[in-house]
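A.B. asks: Here's a structure for you.
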Amino acid sequence: MSLLHGKVAVITGAASGMGLASAEAFVEHGAKVVLADIQDERGAAAAAHLGDSALFVRTDVTSAAQVESVVSVAVDTFGRLDVMFSNAGAAVDLSPIDDLTPAGLDRTLALNLQAHVAAHKYAARQFRAQGSPGSIITTASVAALQAGWNGAAYSMAKAAWLALVRQTAMENQGTGIRSNAILPGAVLTSIITDMFGVGRDREDEFLTGIGDRIGGETLIGRAGQARDIANAALFLASDLSAWITGVALPVDGGATAVTKDATVSLITEFATEFHTGS
Ligand SMILES: NC(=O)c1ccc[n+]([C@@H]2O[C@H](COP(=O)([O-])OP(=O)(O)OC[C@H]3O[C@@H](n4cnc5c(N)ncnc54)[C@H](O)[C@@H]3O)[C@@H](O)[C@H]2O)c1
C-alpha cells in the first residue's frame, strides 16, 4: 500500500526519533521528504540512506526565515508541498515555575511554540498558493493534558499547540487544509536521553532500561517507539484522514485514558470501611 504516493512533505526534527521514523515511513509510502534539522551529520546520513526521495536541509526552526526557506526548498526541489510535519522539539528548560526565568521561558517557547506557528503559517500559505489541500501535523505531548510529564515551560508550550491546530483548522475552513496534533506519551527516543544527560554511546542501554521500567504504566503494556508516532503521522498525512481536522490525538498506549493516582482506590477502600464499620 502506498498511502502518500505523489505527495511532498517537510518533516522538522527529522534527524532523530519520531521525525526520522516518520521520514522512513513517508518514503516507504511513496512520498518525497525534506528532512529539516540542526543535526547535520545525522540528518545528512538519514537522507542519504533514504535515497532520491529524501533531502536533508539544515534548518533551525527557531528562525521563522529558515522555516519559510525550507518550504521553498521543498517546492523548488520536488515541485510542491502537501504535508508539513512540525515535529522538532526539546525540553529546553525543566525548571519548576518558582525558578523559571523569562529568558528560560522564551527559549522554550521559541522552539516548542514559535517554531510551530511559523510552520503552520508558511505551509498553509504554500497550500493556498498551490490551490491544493494539505495536511499540517504537529507533535505536541500528553504534557499538554496532564502536569508531571515534563517541565512547566515545555508543558505550557505544548498546551498552546492545541489552540494553534484548532485555530489553523478554522482559519483555513473550506480549503481542504487540515491541522492536527499528535500527543505522544513516553516514547523511547533521544529526547529522554538528553534530559538525563546520558551520552549517545549508552543511549540504547538507557532507553531499554527505561522501557522495562515504564512499560507497565500503559494499557498496552509497553513504552512507545518512534514508529508508533510515525504511524499516526502517516495516517494524518494521508487522504485516509481527509475528514479529520482540528483534533489532538493522544498516542500514548492508553496512558492518559486512565487515572494514575490512587483517588479511586482510596474512595473504594473508605467505602468498604464505612460499610463494614471497620
Ligand atoms: N519522546 C517522548 O517521550 C516525547 C513525548 C511527547 C512529545 N515529544 C515530542 O516529540 C517531538 C520529537 O521528539 P523525539 O522524541 O523524536 O526526540 P529526538 O530528540 O529524538 O528528536 C528531536 C529532533 O528535533 C531536533 N531539533 C531540536 N531543536 C531543533 C531546532 N532548533 N531546529 C531544528 N530541529 C531541532 C533535534 O536535533 C532532534 O533531531 C518533540 O517535539 C518532542 O517534544 C516527545
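Each reported figure results from applying straightforward, stated rules to the coordinates on display, with no laboratory input. This is a predicted model, so every value here is computed, not measured. Here the Cβ is made from the backbone with ideal geometry for all residues, glycine too, and neighbour counts use every protein chain on show.
A.B. asks: Quickly rank 132-139, 65-72 as a protection proxy: mean count of other C-beta atoms within 10 Å, highest first.
C.D. replies: Highest-to-lowest ranking by the protection proxy: 132-139, 65-72.
A.B. asks: Normalised by the number of residues in the chain, what is the relative contact order in percent for Cα pairs under 8 Å and 6+ residues apart?
C.D. replies: Worked out over the chain, it gives 18 percent.
A.B. asks: Please rank 265, 16, 86, 63, fewest neighbouring Cβ atoms within 10 Å first, as an exposure proxy.
C.D. replies: With the sparsest Cβ surroundings first, the list reads 265, 63, 16, 86.
A.B. asks: In what order do 149, 161, 243 fall by count of nearby beta-carbon atoms within 10 Å, going from fewest to most?
C.D. replies: Listed from fewest to most nearby Cβ atoms, that is 243, 149, 161.
A.B. asks: Springs between alpha-carbon atoms under 10 Å, Gaussian network over the chain: tell me which of 45, 118, 54 tops the mean-square fluctuations.
C.D. replies: Per the Cα network of the chain with a 10 Å cutoff, 45 tops the list.
A.B. asks: Further question: For the stretch 154-215, what is the largest minus smallest coordinate of the Cα atoms on each principal axis, given in angstrom and ordered from greatest to least?
C.D. replies: In descending order, the Cα extents are 49, 20, 20 Å.
A.B. asks: For each of 270, 56, 206, 26, count neighbouring Cβ atoms within 10 Å of the residue's Cβ, then give the residues from fewest to most.
C.D. replies: Final ranking by Cβ density, sparse to dense: 270, 206, 56, 26.
A.B. asks: If you average 1/r over every pair of different alpha-carbon atoms in the stretch 11-134 and take one over that average, what Kirkwood value in Å do you get?
C.D. replies: 14.9 Å
A.B. asks: Can you tell me how much longer the chain between residue 52 and residue 173 gets when fully stretched, taken as 0.36 nm per residue apart minus their C-alpha distance, in nm with one decimal?
C.D. replies: 40.1 nm
A.B. asks: While we're on this one: Please identify the DSSP H helices in the chain that span no less than 24 Å along the helix axis (Cα) and have a mean Kyte-Doolittle hydropathy of -0.5 or more.
C.D. replies: Going by DSSP H runs, the hits are 152-171.
A.B. asks: Still on this structure, I have one more. What does DSSP give for the chain in terms of the percent of beta bridges that are antiparallel, rounded to the nearest 5?
C.D. replies: Taking every DSSP beta bridge with both residues in the chain, the antiparallel ones total about 0 percent.
A.B. asks: For Cα pairs less than 8 Å apart in space and 6+ apart in sequence, what is the mean separation divided by the residue count of the stretch 1-118, i.e. the relative contact order in percent?
C.D. replies: Here the relative contact order equals 27 percent.
A.B. asks: Across all directions of projection, what mean area in square nanometres is found for the Cα convex hull of the chain?
C.D. replies: Mean orientational projected area (the chain, Cα hull): 17.7 nm².
A.B. asks: Let me ask another. Could you give P(r) for the stretch 147-278, binned at 5 Å from zero, as whole percent values over all Cα-Cα pairs?
C.D. replies: In whole percents, the pair-distance histogram is 2, 9, 13, 15, 16, 14, 11, 8, 6, 4, 2, 1, 0.
A.B. asks: Could you work out the helix-only [θ] at 222 nm for the chain, with each DSSP H run of four or more residues adding -39,500 (n - 2.57) and the total divided by the number of residues, to the nearest 500 deg cm²/dmol?
C.D. replies: -14500 deg cm²/dmol
A.B. asks: Between residue 220 and residue 29, 0.36 nm times their residue separation minus their Cα-Cα distance comes to what?
C.D. replies: Answer, rounded to one decimal: 66.1 nm.
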